[in-house]
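Engineer: This is the structure I want to talk about, given as structure tokens.
The values are calculated or read from the model by the stated rules, or taken from the named source; none is laboratory data. Here the structure is a predicted model, which is why all the values come from computation and not from measurement. Counting neighbours? That spans all protein chains shown, and the Cβs are built from the backbone with ideal geometry, glycine included.
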Amino acid sequence: MNEQRQHQPPAWAQQFVEWYCKPELAEDLLGDLNEYFERNVQSVGPRRAKLIYMIDAVKFFRSYTVRIPTVDNLFINRIMIRNYVKTSGRNFMRNKLFSFINIAGLAISMSVGLLLIAFLLDLHAYDRFNKHGEQIYRITSVLTDNPEQGRATNGRATEGRDGSERSRPGSKVASTSIKAGKLIREKVTGADRSAGAEVAIMRDFSQDARVGDQVLPIKGYWAESSLFRIFTFPMLAGNPDAALNDPYSIVLTETAARKLFGNESALGKTVKFDTLDYQVTGIMKDVPFFSHISFEALVSLSTAEQLSRNDRNFGKWTNISLNYVYLLLPPTANVASVQAQLDAIAREENRTEENTAIQLELLPLYKIVVGENLQDMRGSERRYMPPVVLWILGGLALVVILSACFNYTNLSIARAMRRFKEVGLRKAIGAGNNQIRQQFLAEAIMISLIALLLSFVIFLVLRPQLINLAPEMQRTVKLELSPSLVVAFIAFSVSVGVMAGFMPALFFSKISAISAFRNVSTVKVYKHVTLRRALVVVQYTFTLIFITTTAIGYVQYKNILTFDLGYKTENILNINTQGNKPDALLKELSEIPEVTALSRSLIITSVGNAWGGYMKYRDSRDSALVLTNNVDENYLDLHEYKLIAGSNFRARPTTTAAATEVIVNQQVLKRFNIGNGDPEKAIGEAITFSNIRGNGRRMTIVGVIKDFHYGKVDNLIEPVAFMHWTPDDRAIINAKIRSADLPATLAKIEAVWKKIDRVHPFQAKFYDQEIEEAYSEFSAMIKIIGFLSFLAISIASMGLFGMVVFTTETRLKEISIRKIMGARTSDLIFLLSRGFLVLLSISALIALPATYFFFRNVVLTHFPYHTPVQIPELFAGLLAVLLIACGMIGSQTIKAARRNPAEVLKSQ
């Protein structure tokens, strides 16, 4: 019994119940809660008992338990609120500098919070326009080794010959096969219209549309009419249930119809793609911005099936490129049962595959944009935001906001001496602790609401900067104002006010009327550390972490951009032929004097693109995924690859089947032990290469090149094979340029392009620019952290400035006496800055090692070829903070030291 009495329920939880609960229910409710608490102490222990008590106290906050305010209470509360406002206003005017620092600090930090709120609301808005969004799922694929048919080693993403990105074994893919969609329709229980479920199959579509003499590129999907029964895409003209049933039928969006036909009615008219006429069977509203799929047109999937009737790979189980299957389940559907049926379909189909097994999974619609990073992200998934980025941004924003709240707490408690008498008088005339807390919380909320107006102006200025931070950002968010966004901003402002005012309110409410007239200067947090000092240390620790992270990240980013890839990329312009035959363009480019060399390739390496297949050596059953690129005989010399054995391509094949020569890197020799690792012995050896569809051919090694970085530098060097480019392949033209007037040279090249293709815009980028864009996410993150570092140091500096001003003002008499006694200005500066410098030193001792070990053991482990963290970048932030702090402390001390001691002592 004595042991039970030692453990008491949380006092604040009891007070909370008494505050909100009706008087006639409060006594019984608290009695029950206390009784359950005593039982829980015995059964689960005091800690869990207190946690349960707190949860129950909040859980009973119901409509039938909450007390209804009486007219008298409302009148009294109105008078009290008016009094709080008047008192707070007078306090603002009496302390203009500190009020400005608090408002400015909160406004700067809250602007980051406003951007994050707008960002999160935009992401939450994706696909919410769909009437049955909660019941829509996309079928995704998981590629694994097939244990029944031998093994294939894991590798990175590969890219299909049609330009689609393929995937490595063990990876999750956003797309699936057309065959999977049809099997789901046939075999999954309830997947038919009568049961309330629908299946829709889509495939990427991108061609040039011709209407009369006008030719315009159109992007969309091959799709089925069931798409309109799954997604809420309103049809303006035509029958949505039958618009995509017949071959060679097309549905246009409003914008696409206007682009092709002007103000004329497009329904029933024809659009020519290549040599075939397609009839417009429907006009639909434009796809909402917040849709994870975006398109200008939908073409009947039956058309694609007819056009591909001679392609035996079109309907294969393993042909998962560019195909998307969506499933609308009825409200009563058992998701686990549907998944089990998908597993059964996958098991049956995988028995016939040699290398790769495919598993099917259900992905809820609302988790497509904010969810797991899936490969094969083409038209259906251009908009994606990993949850980890949101957590990082949220954490960083919270740190900046807390920094401003620390400023408020520090300055409020620092000025406590001047407000003790005010608090004492209020308590002497009958004010309770709750009323004191309410007063200081109201003051903090008022400052926060005033700061909201300024932060909203900053938000409007920063919004376009954030949107233009990266191309992906422009496609993902709009950050436009809406009623829900305004309400969220106000709620956020009140929350920040409560956070900022919580500690001062708690501090002042605990002061008794008697002690309020005494000299109380500090509040202990630990035995020898005051609250103000602890908050300064925490604030500057986060500030130093921000600045140091920015410095280290920037240096690492620059090192990545200048990393030796094993070949040259300077002054190489990569031109996308966009389906045009490259010969005519090559002939025209060769006549430009500034173009010194030309070559052709299938893809651009080292920027994240990939292509590949399975390679075997001799008759071994062991196969491995080897990354490839199809290049012509000029490619190696133009990029200055280092050929260490053999020769360049000798033959010039005109078909893929005729391309039997291959040039490999050293990793291929190590992986298959070709020639015992000797490049010279590997020349003439035969290998078998098969693409993911199973089409294989024997090839001969004619050359070995030194290892180079095919992928990004955060990947290890992998086995790579160069095969000869043929007219069957798409082409990227690589042009080596030497020019004193680069803009004029690019204008010449663009003029040549317009002679070859008048429909498609000129698409060309320098190799170094491609590499820089490949790491744009790192650049964007560094810019964001750098911006937050600037905000953090600005807020911390304003807080430090306020503390220095206050300290200087309170020690003017001491400064004057010391000056009369012969103290020099440098001595006074040291005297006043010593305490602050000690706190900054403690922050540095925490922040710098923490940042160093975080980069060394967490961040840089993902970059096998990173450079070690250097001393200058580690201490650059500390030096900047020290210079700012010393400048502020010195300026205020010099200002105080220049005052006439006689006048100061006379006025004190």
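Engineer: Select from the range 258-275 the residues that are surrounded by 13 or more Cβ atoms within 10 Å (Cβ to Cβ) and either farther than 11 Å from Ala209 by Cβ or polar (S, T, N, Q) (or both) and list them in ascending order.
Structural biologist: The initial filter retains those residues of the range 258-275 that are surrounded by 13 or more Cβ atoms within 10 Å (Cβ to Cβ), namely 258-261, 266-267, 269-273.
Once the filter is applied, which keeps residues that are surrounded by 13 or more Cβ atoms within 10 Å (Cβ to Cβ) and either farther than 11 Å from Ala209 by Cβ or polar (S, T, N, Q) (or both), the range 258-275 yields Arg258, Ala266, Leu267, Lys269, Thr270.
Engineer: Could you grab me the full set of residues in the range 588-606 that are of a type in the set (Val, Ile, Thr), in a loop (DSSP other than H, G, I, E, B) and surrounded by 19 or more Cβ atoms within 10 Å (Cβ to Cβ)?
Structural biologist: Our first condition is that a residue be of a type in the set (Val, Ile, Thr); within the range 588-606, this holds for 592, 595-596, 603-605.
Checking which are in a loop (DSSP other than H, G, I, E, B) leaves us with 592, 603-605.
Matches in the range 588-606: Ile603, Ile604, Thr605.
Engineer: Sort through Ala237, Ala223, Ala197 and tell me the only one that's modelled with pLDDT under 90, aliphatic (A, V, I, L, M) and surrounded by 15 or more Cβ atoms within 10 Å (Cβ to Cβ). Spell out how you get there, then give the answer.
Structural biologist: Working: Ala237 fails: modelled with pLDDT under 90; Ala223 fails: modelled with pLDDT under 90.
After ruling out the rest, the residue left standing is Ala197.
Engineer: Still on this structure, please answer the following. Quick one: is Thr281 surrounded by 16 or more Cβ atoms within 10 Å (Cβ to Cβ), of a type in the set (S, T, N, Q) and at pLDDT 90 or above?
Structural biologist: Numbers: surrounded by 16 or more Cβ atoms within 10 Å (Cβ to Cβ): yes; of a type in the set (S, T, N, Q): yes; at pLDDT 90 or above: yes.
Yes: the conditions hold for Thr281.
Engineer: Any chance the range 888-897 includes a residue that's in contact with a helix residue (DSSP H, G or I) (Cβ under 9 Å, 6 or more places away or on another chain), of a type in the set (Lys, Arg) and in the same structural domain as Gly802 (by TED's automatic domain parsing)?
Structural biologist: Taking the range 888-897 and keeping what is in contact with a helix residue (DSSP H, G or I) (Cβ under 9 Å, 6 or more places away or on another chain), we get 888-897.
Filter once more, keeping what is of a type in the set (Lys, Arg): 895.
With the extra rule that they be in the same structural domain as Gly802 (by TED's automatic domain parsing), the set shrinks to 895.
Yes, some residue in the range 888-897 is in contact with a helix residue (DSSP H, G or I) (Cβ under 9 Å, 6 or more places away or on another chain), of a type in the set (Lys, Arg) and in the same structural domain as Gly802 (by TED's automatic domain parsing).
Engineer: Return yes or no: is Gly703 of a type outside the set (Ser, Thr, Tyr) and without any contact (Cβ under 8 Å) to a residue 24 or more places away in the chain? First the steps, then the outcome.
Structural biologist: Details: of a type outside the set (Ser, Thr, Tyr): yes; without any contact (Cβ under 8 Å) to a residue 24 or more places away in the chain: no.
Considered against the rule, which asks whether it is of a type outside the set (Ser, Thr, Tyr) and without any contact (Cβ under 8 Å) to a residue 24 or more places away in the chain, Gly703 comes out as no.
Engineer: Okay, next question. Which residue out of Gly579, Gly566 is assigned to a loop (DSSP other than H, G, I, E, B), at positive phi and at pLDDT 90 or above? So that I can check it myself, show each step before the final result.
Structural biologist: Details: Gly579 fails: at pLDDT 90 or above.
Just a single option satisfies the conditions, and that option is Gly566.
Engineer: Any residue at all in the range 82-103 that is at pLDDT 85 or above and small (Gly, Ala, Ser)?
Structural biologist: Scanning the range 82-103, I find no residue that is at pLDDT 85 or above and small (Gly, Ala, Ser), so the answer is no.
Engineer: Then there's this: For the condition among the aromatic types (Phe, Trp, Tyr), modelled with pLDDT under 90 and closer than 26 Å to Tyr557 by Cβ, what is the one hit in Tyr767, Tyr775? Break it down stepwise before answering.
Structural biologist: Numbers: Tyr767 fails: modelled with pLDDT under 90.
Matching residue, one of Tyr767, Tyr775: Tyr775.
Engineer: Across the range 104-159, what is the total count of residues that are among the acidic types (Asp, Glu), surrounded by fewer than 20 Cβ atoms within 10 Å (Cβ to Cβ) and at pLDDT below 90?
Structural biologist: 2
Engineer: I would also like to ask the following. Could you name every one of the helices (runs of 4 or more DSSP H) located completely within the range 406-509 that has at least 2 residues being among the charged types (D, E, K, R), more than 27 Å from the chain's Cα centre (by Cα) and modelled with pLDDT of 70 or more? Give the steps one after another, and end with the answer.
Structural biologist: Details: elements: 416-428, 433-467, 471-476, 483-509.
Helices (runs of 4 or more DSSP H) meeting the threshold: 433-467.
Engineer: A follow-up question, please. Does Lys272 qualify as being in contact with an Asp or Glu (Cβ under 6 Å, 6 or more places away or on another chain), at negative phi and either in the same structural domain as Leu328 (by TED's automatic domain parsing) or of a type in the set (S, T, N, Q) (or both)? Break it down stepwise before answering.
Structural biologist: Values: in contact with an Asp or Glu (Cβ under 6 Å, 6 or more places away or on another chain): no; at negative phi: yes; either in the same structural domain as Leu328 (by TED's automatic domain parsing) or of a type in the set (S, T, N, Q) (or both): yes.
No: the conditions fail for Lys272.
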